[in-house]
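Report on the structure given below.
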Amino acid sequence: MRVLLTGANGFVGSHVLEALLQEGHQVRILIRATSDTSFIEPLLPDLDVRRGDLREAPSLRAVVEGAQAVIHCAALTAAVRRRDFYTVNAAGTRRLVEACNTAGGVERFLLVSSQAVSGPGTPERPAREEASPRPVSDYGRSKLLAERYVRRLCRAPWTILRPTAIYGPRDSDFLLLFRSARAGVLPLVNGGRQPLNVVYVGDVARAVAAALGAPAARGRIYHVAHPQVVTQAELGTAVANAVSARPARLFVPHLLLYPLCLLKDAAALVSGRPSALNTRRIPEYAAPGWVCTTERAADELGFTAEVGLQEGARRTAAWY
């Protein structure tokens with residue numbers, strides 16, 4: 001299949017790219033002129049590389065032409081300014097959908113969204129795909145708008161995947177936790193009791209490939225997560241084991257996050273580089289949990305995440 005992939009040079013997109021090539025798809029990628037392609041440099045000779053920007057509609061029309069499927073991975077997960085989430089994640093998705101409608105010929109549109117759209121969940125009341133979305137952050141709200149544009153405007157059959165917290169090689173967000181554990185300190189917000197599902201990036205790439213080829217996935221939304229529920233403390237222990245460290249546990253009341261995140265916000269404004277730790281994410285840290293259902297993907301796509309936390313943390317630490 002001729003596939004257009006956005007965000008191919010990023011953390012998740014680069015793994016999706018590898019999965020698509022392994023399955024024999026012809027892949028065209030959309031990257032900006034200034035994009036860092038270090039993750040995918042060896043693959044570039046096998047790709048149809050197009051330059052463009054989700055913020056510029058004219059650059060998208062020619063890129064979409066001839067594609068049978070579009071996989072939209074490109075997104076901002078952190079931003080210096082609130083409006084940046086909506087400019088890229090929401091408006092950028094709308095422009096891409098409109099380009100697909102104009103070009104015609106697109107048989108599938110797959111959006112990689114986030115559990116941040118579904119909202120918090122606990123083991124007793126996990127977030128469900130069919131429930132009304134309850135995002136608690138600007139990131140989640142911007143991804144919800146992106147989903148609405150796909151569902152309301154896209155003429156091609158669409159599928160939406162909502163991965164939970166993704167970790168693995170090439171990630172920069174979890175790197176902070178690995179570095180802290182190796183340095184001898186394991187910070188735990190509110191005692192580390194928050195329950196959550198996480199997912200290894202290779203499993204996310206497998207889920208994308210599975211959804212792309214599944215007729216049952218048309219017009220459907222799926223959570224993508226390992227079914228094991230862990231606490232924040234258990235996640236930290238897995239990370240500590242992966243880096244062969246025995247860090248001291250630092251219990252952080254979530255109210256103490258505000259001054260720390262304000263400092264990070266100020267530094268981001270000066271440097272122009274957003275931090276994974278910021279005031280906009282405090283509602284996520286304070287949520288009762290980030291647990292979601294995974295049965296729909298198993299039943300309809302035949303997909304179950306395979307890489308457990310201990311093995312995934314070991315692979316991630318090895319790459320770092």
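The values are calculated or read from the model by the stated rules, or taken from the named source; none is laboratory data. All of these numbers come straight from a predicted model, not from anything done at the bench. Don't worry about glycine lacking a Cβ; one is built from the backbone with ideal geometry, like all the others, and counts go over all protein chains shown. We work out accessible area using only protein heavy atoms, side chains counted, and drop any ligands, DNA or RNA first. Shrake-Rupley method; radii C 1.70, N 1.55, O 1.52, S 1.80 Å.
Quick look at the numbers
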{"quantity": "Under the Karplus curve 6.51 cos²θ - 1.76 cosθ + 1.60, θ = phi - 60°, whole-Hz ³J(HN,Hα) for the stretch 101-109, x wherever Gly or Pro sits", "calculated": "4, 5, 5, x, x, 7, 9, 8, 10"}
{"quantity": "Cα centroid separation, the stretch 77-146 to the stretch 1-73 (Å)", "calculated": "19"}
{"quantity": "Highest-first arrangement of 259-272, 153-166, where packing means the average Cβ count within 10 Å", "calculated": "153-166, 259-272"}
{"quantity": "Residues whose placed amide H lies under 5 Å from that of V185, excluding near-sequence neighbours", "calculated": "A248"}
{"quantity": "3J(HN,Hα) from dihedral phi, the stretch 69-75, Karplus parametrisation 6.51/-1.76/1.60, rounded to Hz, x for glycine, proline", "calculated": "9, 10, 10, 9, 9, 4, 6"}
{"quantity": "Computed over the chain: relative contact order in percent, which uses C-alpha pairs under 8 Å that are six or more apart", "calculated": "19"}
{"quantity": "Distant-in-sequence amide H partners of R220 (H built 1.01 Å from N, under 5 Å)", "calculated": "I160"}
{"quantity": "Note, ³J(HN,Hα) from phi for the stretch 113-130, Karplus 6.51, -1.76, 1.60, rounded to Hz, x at Gly and Pro", "calculated": "9, 6, 5, 4, 6, 4, x, x, x, 10, x, 6, 9, x, 5, 10, 4, 7"}
{"quantity": "Helix 11-22 axis, angle to the chain major axis (alpha carbon atoms, nearest 10°)", "calculated": "50"}
{"quantity": "F174, F251, F109, reordered so the largest accessible area comes first (probe 1.4 Å)", "calculated": "F251, F174, F109"}
{"quantity": "Nearest 10 degrees, 0 to 90: helix 232-242 Cα axis against the chain principal axis", "calculated": "90"}
{"quantity": "Cα-projected label distance for S38 with T304, points at 7 Å along beta-carbon direction, nm", "calculated": "3.8"}
{"quantity": "Of all DSSP beta bridges in the chain, antiparallel share, percent nearest 5", "calculated": "5"}
{"quantity": "Per residue solvent-accessible surface (Å²) - the chain, probe of 1.4 Å", "calculated": "45"}
{"quantity": "Fully extended contour minus Cα-Cα distance, from R50 to L262, at 0.36 nm per residue", "calculated": "72.5 nm"}
{"quantity": "Shape of the stretch 234-274, Cα gyration tensor, a/c cut at 1.5", "calculated": "oblate"}
{"quantity": "CD proxy at 222 nm, helix term only [per DSSP H run n ≥ 4: -39500 (n - 2.57); per residue of the chain; nearest 500]", "calculated": "-11500 deg cm²/dmol"}
{"quantity": "Amide H within-cut-off set for A8, under 5 Å, with H built and near neighbours excluded", "calculated": "L30"}
